[in-house]
Amino acid sequence: MRTHYPRTPHLPWSPGVAADDVRVTGLSGLRGREVVVTEKLDGENTTLYADGLHARSLDSAHHPSRAWAKALHGRIGHAIPAGWRVCGENMFARHSLAYDDLDSYFYGFSVWDAHGRCLDWDLTVPFLRDLGVPVPRVLWRGVFDARAEKALRTMRLDLTRQEGYVVRTAEGFAAEDFGQRVAKWVRPGHVQTGTHWMHAAVVENRLGPNAALWAVRSGASADAEALAAAVGVPGGDAAALGRLEAAGATGDARLAGVLAALLHGTRRAWLAPKLAPLLGMPLARRVGDLVGLHPALHRPYPDADRRTGLLRMAYAADLGVLHAVARATAPTAGAREQVEWSALHAEDARPVEGLRDAFAGLDDDAAARCLAESREAYALGRIGSAEEAVAATWRWRTGGFPKLIQMVGPSGSGKSTFARGLPGVDAYVSLDDLREARGARSDQKANQEVLRTGLGRLDTALAAGGTVVWDATSLNQQQRSLVHTVARRRDALITHAVVLVDEDELVRRNGEREHPVPREVLAAQLHRFGPPYPGQAHRTWYIGASGTVEEEA
């Protein structure tokens, strides 16, 4: 069934109202509700279904500007559920405004389910991202009240580059409520061309560097040179990229696999902080973990332990994507054979269903502990269902256990600043403070004695209960394991707080510290740094250059 997209009413203060346009009859449908304000793009309204597409007119004929959207639909149409529709803007042809930095030639702005209901905005964005479709830029979000109305009335736009904005409720709504839940502001004289764009020669808008990333998300062939330029990482293995088989059909899973294949020779600890400003920490971390984990699939592994090992890997990476990257980068026929053998075992390494829901009613610490313990028990074959997981974790459900937060990261990355700002900390163990108490923070001669003293204080603090912070570089698994031994003895929840900061920023910060480390020491730390993977602690926080937790795994 094809559905005509309704006409969006103008806000009372919208100056770009034509004679045949409609105005919103009142703002009661917006007042008191959370709204999202997005940039209004100057394109052609287009709707995609599982089995076809059309412009605003249901019988829209062929036009050269629609060929790109048809190609996109050919890649993603299969992923749109039957009866659903994706509505957006076809930006291929220039209308009244020229665009020179588009992420894609198609932007989605709403998704409608089989019952004719528009999805919540926070469901719309990830749904479209999984298809490889970006959304218009969000200009403002908040509760629509008198203050918000005043802010929108006085919002300044660059009218040479922006057509206007659209306001919609963040929550979903039924089709019959569209006129009350969506409204727009359009610049005056927004149609400025003498000849309608449909009857003129097609002039293409221009794509920006991020378009290479969105093209991969949508299932298009990867352009190694364009991708390397987009992420700012020179070089890359174009040959491995050419050998990559389907690594996730669409969305971030596919992009992570493509980037990992292209950049598989890059140092993992350097990669995630480099990509995070562009991709966001969760996706950047996944790319780095794929780069770090995939070589293990090239080597022989005891078959009796494969399921356990693969399930542990699955906490950090999608196993299908991981095996696709390993195939593409296999250095020998023997390594590729090992990957294929591992892939057969991976078919039986499916995570247990319903585990997170089983602990949804617990507080954050107890839920994290029970989830982690259940996943490990499942990997070891001790439980086989969510019901068994609940029974196996009864002693941690109250949260009555000590908590360890172990800082991880090179000197100067911001570990101590983050740690000192944590609320509810009962004890703080810093190896730098212990060295300073002995005479000098930079004195490394008595490291073993300082470490023994620190571990003793950690043991005493955990035995007393509460939350304890361990502040040291903890650069590799061996260093972290010494602390884990103490924490396990005291039955503590272990949280890794991993600080991932780009190397250039790290050097700059180190130069501004009260106690900077020598450049050669910092370089050695960066060389040794191996960030922990998800699953190597009960919970992992990934902290970016902002100094805040950007992902919890």
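The values are calculated or read from the model by the stated rules, or taken from the named source; none is laboratory data. This one's a predicted model, so the numbers in the text were calculated from it and none came from an experiment. All Cβ positions, glycine included, derive from the backbone under ideal geometry; neighbour counts span all protein chains shown.
Couple of notes before you dig in:
- Whichever residue in region 398-424 is over 29 Å from the mean Cα position of the chain (by Cα) and at pLDDT 95 or above and, among such residues, is surrounded by the most Cβ atoms within 10 Å (Cβ to Cβ): 402
- The single condition among (1) among the hydroxyl-bearing types (Ser, Thr, Tyr); (2) surrounded by 16 or more Cβ atoms within 10 Å (Cβ to Cβ); (3) at pLDDT below 90; (4) in a loop (DSSP other than H, G, I, E, B) that residue 65 does not satisfy is (4).
- When 480, 488, 508 are checked against the criterion of being within 13 Å of residue 414 (Cβ to Cβ) and assigned to a helix (DSSP H, G or I), 508 stands alone in meeting it.
- Here the condition is being in the same structural domain as residue 121 (by TED's automatic domain parsing), in a loop (DSSP other than H, G, I, E, B) and modelled with pLDDT of 85 or more; of 59, 42, it holds for 42 alone.
- Within region 83-110, considering residues that are part of a strand (DSSP E or B) and of a type in the set (Gly, Ala, Ser), the one nearest to the chain's Cα centre (by Cα): 108
- Evaluation of residue 20 against (1) among the charged types (D, E, K, R); (2) in contact (Cβ under 8 Å) with a residue 12 or more places away in the chain; (3) in a loop (DSSP other than H, G, I, E, B) (one fails), failing number: (2)
- Any hit, region 510-520, residues being assigned by TED's automatic domain parsing to the domain that holds residue 413, within 21 Å of residue 421 (Cβ to Cβ) and in contact with a strand residue (DSSP E or B) (Cβ under 7 Å, 6 or more places away or on another chain): no
- Of the residues making up region 521-553, those that are of a type in the set (Val, Ile, Thr) and either surrounded by fewer than 20 Cβ atoms within 10 Å (Cβ to Cβ) or assigned by TED's automatic domain parsing to the domain that holds residue 288 (or both) are 521, 548, 549.
- Exactly one residue among 252, 289 is closer than 19 Å to residue 237 by Cα and of a type in the set (Asp, Glu), and that residue is 289.
A quick yes/no check of all residues on (1) part of a helix (DSSP H, G or I); (2) of a type outside the set (Gly, Ala, Ser); (3) in contact with a Cys (Cβ under 9 Å, 6 or more places away or on another chain):
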| position | (1), (2), (3) |
| --- | --- |
| 419 | yes, no, no |
| 424 | no, no, no |
| 437 | yes, no, no |
| 498 | no, yes, no |
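- When 222, 239, 246, 229 are screened for being in contact (Cβ under 8 Å) with a residue 12 or more places away in the chain, hydrophobic (A, V, I, L, M, F, W, C) and assigned to a helix (DSSP H, G or I), only 229 passes.
- Restricted to region 318-398, the set of helices (runs of 4 or more DSSP H) holding at least 1 residues that are in contact with a helix residue (DSSP H, G or I) (Cβ under 7 Å, 6 or more places away or on another chain) and β-branched (Val, Ile, Thr) comprises 319-329, 333-346, 386-392.
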